[in-house]
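The values are calculated or read from the model by the stated rules, or taken from the named source; none is laboratory data. This is a predicted model, so every value here is computed, not measured. Here the Cβ positions follow ideal geometry from the backbone for every residue, glycine too, while neighbour counts run over all protein chains shown. Just so you know, the surface numbers come from the protein's heavy atoms only, side chains and all, with ligands and any DNA or RNA stripped out. Shrake-Rupley method; radii C 1.70, N 1.55, O 1.52, S 1.80 Å.
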Amino acid sequence: MSDSSLDKQIQKAVEILHRGGLVAFPTETVYGLGADAKNPEAVRRIFAAKGRPADHPLIVHLFAVEQVKDWAKELPEQVNDLAEAFWPGPLTLILKRAEQVPDIVTGSQDTVGLRIPGHPVALKLLKAFGGALAAPSANRFGHISPTTAEAVCAELGDAVDLIVDGGPCEVGLESTILDLSSGEPRLLRPGGISVEQLTEVLGASPLLSGRDAPRAPGTLASHYAPCTPAVLVAEENLLAFVSQQQALGRRLAVLARRAAPENITAKWLKLPSEARAYARALYAALRELDALSCEQIIIEAAPATKEWLAVRDRLSRATTPRFGSE
Ligand code: TXA
Ligand code: MG
């Protein structure tokens with residue numbers, strides 16, 4: 001997109017936001033569905049457009065650290081160091097909320113999620129708007145997050161007033177969420193900023209929320225999921241499992257980190273074997289396979305190393321049955 005056409009889009013987006021409309025915009029993680037965070041009616045529209053339950057809090061997107069004090073109070077000392085190290089970037093901080101934050105944004109909790117996104121178009125939009133945008137990922141509730149403007153359109157269509165196209169997202173998975181509201185820092189969602197990066201700045205590893213730990217509202221076990229049933233299969237069992245399912249005559253799609261052997265007839269997508277490149281490509285690949293309406297998507301499990309933590313988290317959610325596991 002040329003500079004002047006982007007400027008026009010941003011100008012139009014700002015007008016829509018000021019009158020309480022919804023604008024989807026690119027961030028470095030995934031596309032967000034934004035509304036004026038100070039306008040409860042506008043924020044309510046986000047929930048309606050996504051089909052999202054009202055008790056799931058939204059992340060408030062800012063463009064400058066100076067805005068934090070308008071949204072949060074009792075700032076722990078780590079905030080400055082984390083902001084300096086990782087903002088703008090894929091880190092969301094959960095902090096005690098300021099009084100004036102609308103309840104609809106926080107799901108009536110006493111905390112608020114804040115992030116300064118790293119995408120130049122997101123920053124340009126936020127600065128031109130001059131305020132804060134409440135924005136979840138721009139997908140229908142529980143679906144795969146969109147990493148392109150086309151994917152936003154497929155998810156939300158007419159429910160959004162404008163989609164600002166910033167090309168494919170660089171990180172491809174949602175931000176890391178770090179809770180600083182309750183004493184010890186706790187990781188609520190792994191993402192673009194790694195545990196090791198956080199540890200370096202915090203001086204100690206954050207607590208990790210395991211599957212058995214209390215969940216952040218909105219981090220359901222089944223999330224980020226394709227409509228086609230998806231199953232996770234260990235690397236060493238992949239070929240045997242695919243062959244067996246193929247022999248049963250099932251229509252299959254496979255997502256793996258290696259090329260398809262010759263005897264396999266299933267639709268097979270090969271993703272990169274490096275974690276960051278894999279993360280960048282994952283959601284578009286899941287979308288592509290989901291559109292084939294196969295009976296099953298078979299996904300090769302990711303390596304059990306720290307580089308793959310965020311990918312493993314999303315793959316395990318994408319392959320959790322939608323019903324019966326919560
Ligand atoms: O990368 C991202 O974070 C993207 C882009 C658009 O910024 N946004 C995103 O938003 O993934 P969403 O709404 O799809 O996921 C936000 C997560 C939810 O799981 C929600 O529960 C959690 O953040 N969250 C937001 N506010 C919270 C709070 N006050 N306490 C605990 N969790 C919170
Ligand atoms: Mg989401």
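In straight Cα distance, which aspartates and glutamates are under 16 Å from K12, not counting same-chain residues fewer than 8 positions off?
D3, D36, D161, D165
What span do the alpha-carbon atoms of the chain cover on each of the three principal axes, reported in whole Å from largest to smallest?
If we take the Cα atoms of the chain, the spans are 60, 45, 37 Å.
List every DSSP H helix in the chain whose Cα atoms extend 18 Å or more along the helix's own long axis and whose mean Kyte-Doolittle hydropathy is at least -0.5. Kindly include the intermediate steps, with their values, before the conclusion.
Details: long enough: 3-18 (22 Å, -0.47); 275-290 (22 Å, -0.06).
Once both thresholds are applied, what remains is 3-18, 275-290.
Between N237 and E288, what is the label-to-label distance in nm when each label sits 7 Å out along the Cα-to-Cβ direction?
2.7
Extending each Cα 7 Å along its Cβ direction at D110 and R140, get the distance between those two points in nm, one decimal.
3.8
Where both partners of a DSSP beta bridge lie in the chain, what percent of those bridges are antiparallel, to the nearest 5?
Details: 16 of 39 bridges.
So the antiparallel bridges in the chain amount to around 40 percent.
With a point put 7 Å past each Cα toward its Cβ, work out how far S182 is from E295 in nm, to one decimal.
4.4
What percent does the relative contact order of the range 3-208 come to when contacts are Cα pairs within less than 8 Å and at least six residues apart?
Numbers: 452 pairs, mean separation 60.1, N = 206.
Once normalised by length, the contact order is 29 percent.
Quick one: 3J(HN,Hα) in Hz for the range 164-177, Karplus 6.51/-1.76/1.60 with θ = phi - 60°, rounded, Gly and Pro as x.
8, 8, x, x, x, 6, 6, 7, x, 10, 5, 5, 5, 10
Just to check I understand the Karplus step: with θ = phi - 60° and J = 6.51 cos²θ - 1.76 cosθ + 1.60, what whole-Hz values come out for the range 253-270, glycine and proline as x?
10, 10, 10, 9, 9, 9, 6, 6, x, 5, 7, 8, 9, 4, 5, 10, 10, 9
Report Rg/Rh for the range 230-318, rounded to two decimals, where Rg is the Cα radius of gyration and Rh the Kirkwood radius. Don't skip to the end; give the middle numbers.
On the way: Rg = 12.4 Å, Rh = 13.2 Å.
Ratio of gyration radius to Kirkwood radius: 0.94.
Run the reach check for K69 against lysines, Cα to Cα strictly under 22 Å, same-chain hits fewer than 8 apart removed. What comes back?
Those lysines meeting the cut-off are K38, K96, K124, K127.
Can you work out the FRET efficiency for the pair A128 and E262, with r the C-beta to C-beta distance and R0 = 35 Å, to the nearest 0.05?
Details: r = 54 Å, r/R0 = 1.53.
That pair, A128 with E262, gives E of 0.05.
When the accessible area of the chain is computed with all protein chains present and a 1.4 Å probe, what percentage of it is carbon and sulfur? Walk me through the numbers before you get to the answer.
Values: 7290 of 14230 Å².
With neighbouring chains kept in place, the figure for the chain is 51 percent.
How much area per residue is accessible in the chain when the probe is 1.4 Å and only protein heavy atoms are counted (Å²)? Walk me through the numbers before you get to the answer.
Values: 14230 Å² over 326 residues.
Dividing the accessible area of the chain by its residue count gives 44 Å².
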